[in-house]
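For reference, the structure is listed below as C-alpha cells.
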Amino acid sequence: MKTPHILCLGGSATIDQIFYVDSVPAPSAKISANEFVVTGGGVAANAAVAVQRLGGAATYWGRVGQDSWGDQVLVMLAKEGVNIQHLRQLAGYRTKVATVLIDAHGERLVVSAQPQGYPDVIDWLPLQKVIEADAVLADTRWIGGAQVLLDKASEHGIPSVLDGDSGDAAVVKRLMHAATHPVLSEPMLVKLSGQALHDDAAIGQALRQCFGGRNAIVGVTLGAKGVYWFDGSGLNHAPSPKVAVVDTLAAGDTWHGALALGLAQGQALKDAIDYASRAAALKCTRRGGRLGIPTQEQLNDFHPVY
C-alpha cells in the first residue's frame, strides 16, 4: 500500500524552550522550573512531524534564518524523517525562538522572538511537486506561500487543510475560502464572525457565516468541548476524548496534521476528525510539546473515554 504523502507549508518553524512550572506568576517574580525542554515547534512543522509519526510521509516547505537556531530546526525535522529539501535558510534573518511556560494544569504562556519578517517571496517553491501530494496543509503565517499552495492543490483536486489559528481576519478569510478543509481556533472564529460561541446555535451561525469558496467544510476546535463543523447543509459535532491534560503545546498542530493524513488515507470525514481528536488528546497527556506527539503504535494502544 502506498504511504500517503502530505505537503505541509508553514510560515515559521521554530525552536521552543519549554519550562514546566507550578503556576505562571503575576505581575512579577523569579521562579524555578520543575523541568526544562528544548525542542522544535511551529504550526505546520509540528503537523509534519505528526504525519511522520502517524505513518505518513511529510514534506515541509518553509523558511528559517541562516543562524544556529535555523540549523537546529533542520536537524530536528530531518531526524523525524520529514523531507526538508525545500526548507530555505534566509541570510540576514533570525529564526523564530519561543519560550513557553506550562503550568500544572497543562495551560501555557508563550513568548516569541519573532523572525524579523521573512520576505513573502514564493518564486523558489517547486509548485510542480504539489501533484505528488495526497493532501496539503498550510498555516496562516506565510500568506503568499499558503495561497499558491492551496490554489495549486485545487487545480489538481487535492484536499487541503488550513490551520486557521490566528492572523488578520480578512486575510484568514481569504485563505479559508481557498481551502477544502479549513479548521479554525475558537478565537479566530470569534474574530471572523464577531460573536461569542456560547452555545451550539451560536457556533453553527458563526460557521455558516464563514463557509464559502472551495470549502467542503468549515470547522472549529474547542478543546474539551470537541470539534464542530458546517458542511454546507448542517452543523456537525464530534466529542473530544476525556484525558488528564499535562501539556497542550502542539496539540492543535497534531490535530491538523492527523486530519490531513486521515483525508489522504481516504477516511470518511467523521472518521478523520475522530482520528485527529484522538491523536491530539493523547498528545495532551504527554509533556514536551512536539516531543509528545504520538506514534501510530501509541495511538493504537490508546482507548479513549468520551
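Things to note:
- Global geometry of the chain, whether rounded, prolate or oblate, following the gyration tensor of its Cα atoms and the 1.5 cut on a/c: rounded
- Karplus-derived 3J(HN,Hα) values for the range 24-33, using 6.51 cos²θ - 1.76 cosθ + 1.60 with θ = phi - 60°, are 9, x, 8, x, 8, 5, 10, 10, 9, 7 Hz; glycine and proline are entered as x.
- GNM remark for the chain: springs join alpha carbons under 10 Å apart, and the peak mean-square fluctuation among Gly92, Gly70, Gly232 falls on Gly92.
- Exposure proxy ranking for Phe19, Phe230, based on other Cβ atoms within 10 angstrom of each Cβ and starting from the fewest, stands as Phe19, Phe230.
- The range 1-117: C-alpha gyration tensor shape, a/c 1.5 cut-off, then a/b vs b/c: oblate
- Protection proxy ranking, peptides 36-48, 197-209, 259-271, average beta carbon neighbours within 10 Å, highest first: 36-48, 259-271, 197-209
- From least to most packed, judged by other beta carbons within 10 angstrom and beginning with the fewest, His303, His256, His181 follow the order His303, His181, His256.
FYI, it's all coordinate maths here, none of it is from the lab. From a predicted model like this one, the values you see are computed outputs, not experimental measurements. So basically every Cβ, Gly included, is an ideal-geometry build from the backbone, and we count neighbours across all protein chains shown.
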